[in-house]
Amino acid sequence: MPNANTDLIERFYTAFQNRDAEAMSACYAPDIQFQDPAFGVLRGREAGDMWRMLLGRAADFTLTYDNIASTGQTASAKAIARYTYSATGHSVVNEIDSRFAIRDGFIVEQTDVFDLWRWSRQALGVSGWLFGWTPQMQRAIQGKARKALRDYRQKAATS
């Protein structure tokens, strides 16, 4: 049965499908905490800026989602993002399980879970196949993602 929390998550994913990072960010509380295997923990405006950066450079991007469920002030959903990874030109199909905490009609926590080794095999090719499962490679992936976000935020602040 639909409720305000499932409607919020539906709005978030519809904006994601439409590549509308502003509408996605509008679903977040100012003190949002986002976490995923690629970026680690992001807080506040960092989370919205991550979506602005990713959707701004996504090529051939599509998203499907389903299984939105809500109990109390929590929600969950499954999504599949398909896109071309800009750094290598490789196609990626990323299957994501998301969990949300909601307060006062806004998402205050989002945790996205996906197989980073599977992602790295698709996005990085041979190096992902060989080393994507290692903690060192996973730290390198997260470091590169965080650096890209820092650079994006710095450029946005000066323009």
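Each value in this text was obtained by applying a stated rule to the coordinates, not by laboratory testing. None of the values given here were measured: they were computed from a predicted structure. A quick note on method: Cβ atoms are made from the backbone with ideal geometry, for glycine too, and the neighbour counts reach across all protein chains shown.
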Listed residues 92, 126, 41; largest mean-square fluctuation, Gaussian network over the chain with Cα springs below 10 Å, found at 126
Note the direction-averaged projected area, equal to a quarter of the hull surface, for the Cα convex hull of segment 4-115, in nm². 6.2
Gyration tensor verdict on segment 90-159 (Cα atoms; rounded if a/c is under 1.5, prolate if a/b is larger than b/c, oblate otherwise): oblate
As an exercise, use a Förster radius of 41 Å and the Cβ-Cβ distance of residue 106 and residue 59 to find the FRET efficiency, rounded to the nearest 0.05. 0.85
Which aspartates and glutamates, if any, have their Cα less than 19 Å from the Cα of residue 147, not counting same-chain residues under 8 positions apart? 36, 46, 49
